[in-house]
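The values are calculated or read from the model by the stated rules, or taken from the named source; none is laboratory data. Since we're looking at a predicted model, the values are computed, not measured. Here the Cβ positions follow ideal geometry from the backbone for every residue, glycine too, while neighbour counts run over all protein chains shown. Accessible surface areas use protein heavy atoms only, side chains included; no ligands, DNA or RNA. Shrake-Rupley method; radii C 1.70, N 1.55, O 1.52, S 1.80 Å.
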Amino acid sequence: MPVDPKEFWEAKLLGWEQGRYGSPDRPPGFLEWIANRSSASLRFRVSITPELLQPFLSNKHVVELGCGSGIIAEKFLEYGASSYLGIDIAGSAIEKARSRHGNDTRMQFKVGDVADLPPLSADLVGSLGLFDWLTDDEIAAVFHKSGKADFLHAIAERRPGLQQWLHRSYVQLAYGYRTDRYRPRYFTCDHIKSLADIRRPIHVYRSWRLSFGALISSLPIGPTI
């Protein structure tokens, strides 16, 4: 039976956030314990993204797709953005984000699906890991709906090596055997560039601390591709 993405993330997202970025509310199963212990690259991604964007945030309107519970929302405003809109498919995550940041009128959080995105009124559109779960058509639609806004999107880059093999194995054992084709994808940066279909230079940031992750952006955060 096909997986409903909204049901999948409603059930998983807050627990995954707590395990990857905080302390789990309850002892996780063995596979999740391993994944949580191996999530240093995700924690680095969350910390480095606002740092890389800081020089470009002054007075900017930021939209984050797949924002979860708004873990990095505050940093965008601290570093100069004038407003922030977070959109996520999981209503439970949006509810938590609103309770976490509800006193700051510069922030908004909305439940939304990539398939139903309106044209985005933003100076910067970002996502951390969302693309890993989208089809090519959905990724192309994100770029189209972003218009002329700058962007930064984190992807899992397709690379040979032990870390990616372990990740693929974890996905299969933890939930992939139940979710058929609904599982994270791995990309080349050139493939993302082709889906963006823009004439601007595209830059990529890589670090050993990101493991096989990469940050791909219209802003000069690294070498061009």
| field | Two-decimal log10 I(q)/I(0) for the chain, as the Debye equation yields it once each C-alpha is a single scatterer, q = 0.16, 0.18 Å⁻¹ | value | -1.22, -1.60
| query | Normalised by the number of residues in the chain, what is the relative contact order in percent for Cα pairs under 8 Å and 6+ residues apart? | reply | 18 percent
| request: Determine which residues of the range 96-114 fall in the zone a paramagnetic label at H144 would reach in this model, i.e. backbone nitrogen under 18 Å from the point 7 Å along Cα→Cβ. | output: 113-114
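Calculate how many DSSP beta bridges within the chain are antiparallel, expressed in % of all such bridges and rounded to the nearest 5. Don't jump to the answer; show the numbers that get you there.
Numbers: 9 of 29 bridges.
The answer is about 30 percent antiparallel.
What dipole magnitude, in Debye to the nearest 20, does the chain give about its Cα centre under +1 on Lys/Arg Cβ and -1 on Asp/Glu Cβ? Don't jump to the answer; show the numbers that get you there.
Details: 28 positive and 25 negative charges, 119 e Å.
Computed charge dipole of the chain: roughly 580 debye.
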| note | Heavy-atom accessible area of the chain with neighbours in place, 1.4 angstrom probe: carbon+sulfur share in percent works out to 53 percent
| FRET efficiency for Y21 and R199, using Cβ-Cβ distance with R0 set to 35 Å, rounded to 0.05 | 0.45
| Using 18 Å as the cut-off for backbone N distance, which residues of the range 155-195 belong to the label zone defined by a point 7 Å from the Cα of A40 along Cα→Cβ? | 162-167
| note | Summing -39500 (n - 2.57) over every DSSP H run of at least 4 in the chain, dividing by its residue total and rounding to the nearest 500, the 222 nm mean residue ellipticity is -11500 deg cm²/dmol
| query | How high is the relative contact order of the range 87-151, in percent, with contacts defined as C-alpha pairs under 8 Å that are six or more residues apart? | reply | 34 percent
| said: At R0 = 22 Å, how high is the FRET efficiency between W208 and L173 if r is their beta carbon distance? Nearest 0.05 is fine. | reply: 0.30
| said: Could you report the range 88-225's accessible area per residue, 1.4 Å probe, as an integer in Å²? | reply: 54 Å²
